[in-house]
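All remarks here apply to the structure that follows.
The values are calculated or read from the model by the stated rules, or taken from the named source; none is laboratory data. From a predicted model like this one, the values you see are computed outputs, not experimental measurements. Every residue, glycine among them, receives a Cβ derived from its backbone with ideal geometry; neighbour counts consider all protein chains shown.
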Amino acid sequence: MSAFFVTATGTDIGKTFVTAGLIRHLRRLGHKVDAFKPVLSGFEMDGVKASDAGQLLAALEQDVTLETLDRMAPWRFTAPLSPDIAAAHEKRSIDFQALVSACRVKAADRHHTLFIEGVGGVMVPLDARHTVLDWMVELNIPVILVTGSYLGTISHTLTALSVLSAHNLNIRAVVVNETPGGVSMDETMATIGRFAPGIPLCPLSRTTRQDVVDEAMATLWRAVA
Ligand SMILES: Nc1ncnc2c1ncn2[C@@H]1O[C@H](COP(=O)(O)OP(=O)(O)O)[C@@H](O)[C@H]1O
Ligand SMILES: [Mg+2]
């Protein structure tokens, strides 16, 4: 079994898109795959299909039921805010140790390749004391960092990589996911590569073409597996 943590430089960068793409790719290769998106804010039952949990369940070809939803995304909050604040709006909080334990239980399943999707960026708070970074450090599983190609991404990406490395996390790949209206992918990737040598950089075009996504996912999987 192998488990990967999919994080990003921020929210809406492409974590779910990449995770769903990897799930579909591995399923096509005949691998057993599972996914976990334990912390989900901005969740409304009305929009369940389009939610991260709905998208990941669709990639796994599982129906959306209360049971599969609870299994995929047990910590769901309505407000589209950072999880600590979204939880506080509901007079709830995330039990960090319970979150880590739930991930460890999933990762212990030796029959599946597991993708855990984080929430927001690398240092989004989960409670009063812990961020996504602490969560990744506790799990200590390989990390896939998703970044964009917008003006500003180079600094965001290098900052994220610096923090991940400083905490001895195993960064398997950076996915440079094309931002609509962003700057040159080639120049962005070349610059990130110059400052972060040795880390595989995988481009992903903004596209609705499944074959293009498949090819990018095949390259990404070869880099991370
Ligand atoms: N490479 C891509 N091509 C087309 N649409 C994309 C791509 N990457 C992300 N998107 C879309 O951009 C939006 C944000 O991506 P998402 O994966 O949900 O981000 P995150 O999980 O990091 O918050 C979604 O609507 C998603 O479908
Ligand atoms: Mg997401």
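Numbers at a glance
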item: Subset tally (residues that are within 11 Å of the chain's Cα centre (by Cα) and either surrounded by fewer than 21 Cβ atoms within 10 Å (Cβ to Cβ) or hydroxyl-bearing (S, T, Y) (or both)) for the stretch 15-53; result: 3
item: Where Y150 falls short, out of the listed (1) among the hydroxyl-bearing types (S, T, Y); (2) buried (at least 18 other Cβ atoms within 10 Å of the Cβ); (3) in contact with a helix residue (DSSP H, G or I) (Cβ under 8 Å, 6 or more places away or on another chain); result: (3)
item: Single residue of the stretch 65-99 satisfying the filter (in contact (Cβ under 8 Å) with a residue 40 or more places away in the chain and small (G, A, S)) that is farthest from ligand 1 (Cβ to nearest atom); result: A87
item: Set G182, G121: member being under 24 Å from L40 (Cβ atoms) and small (G, A, S); result: G121
item: Residues of the stretch 192-214 satisfying the condition of being over 21 Å from A160 (Cα atoms) and crowded, with 18+ Cβ neighbours inside 10 Å; result: V213
item: Of all residues making up the stretch 33-65, the number that are touching a strand residue (DSSP E or B) at 6+ places or on another chain (Cβ under 8 Å), small (G, A, S) and farther than 14 Å from A79 by Cα; result: 3
item: Pick from the stretch 11-49, criterion within 11 Å of ligand 2 (Cβ to nearest atom) and among the charged types (D, E, K, R), ranking: nearest to Q97 (Cα to Cα); result: K37
item: Meets criteria (closer than 21 Å to E215 by Cβ and out of contact with any strand residue (DSSP E or B) (no Cβ under 8 Å at 6 or more places or on another chain)) for G30; result: yes
item: R71 being away from ligand 2 (no atom under 12 Å from the Cβ), outside any helix (DSSP H, G or I), over 22 Å from T207 (Cα atoms) and at pLDDT 95 or above; result: no
item: The lone exception for V224 - which of (1) aliphatic (A, V, I, L, M); (2) in contact (Cβ under 8 Å) with a residue 60 or more places away in the chain; (3) over 20 Å from L114 (Cα atoms); (4) touching a Phe, Trp or Tyr at 6+ places or on another chain (Cβ under 9 Å) it fails; result: (3)
item: Unmet requirement for S2, which otherwise passes all of (1) modelled with pLDDT of 95 or more; (2) away from ligand 2 (no atom under 15 Å from the Cβ); (3) touching a strand residue (DSSP E or B) at 6+ places or on another chain (Cβ under 7 Å); result: (1)
item: Test: R209 is basic (K, R), touching a residue at least 12 places away in the same chain (Cβ under 8 Å), away from ligand 2 (no atom under 16 Å from the Cβ) and out of contact with any Ser or Thr (no Cβ under 9 Å at 6 or more places or on another chain); result: no
item: Qualifying residue in the stretch 81-102 (condition: assigned to a loop (DSSP other than H, G, I, E, B), surrounded by 15 or more Cβ atoms within 10 Å (Cβ to Cβ), at pLDDT 95 or above and of a type in the set (F, W, Y)); result: no
item: Selection from the stretch 39-64 of residues that are within 11 Å of ligand 1 (Cβ to nearest atom), assigned to a loop (DSSP other than H, G, I, E, B) and among the hydrophobic types (A, V, I, L, M, F, W, C); result: A50
item: Check on A8, touching a residue at least 12 places away in the same chain (Cβ under 8 Å), under 18 Å from the mean Cα position of the chain (by Cα) and within 15 Å of ligand 2 (Cβ to nearest atom); result: yes
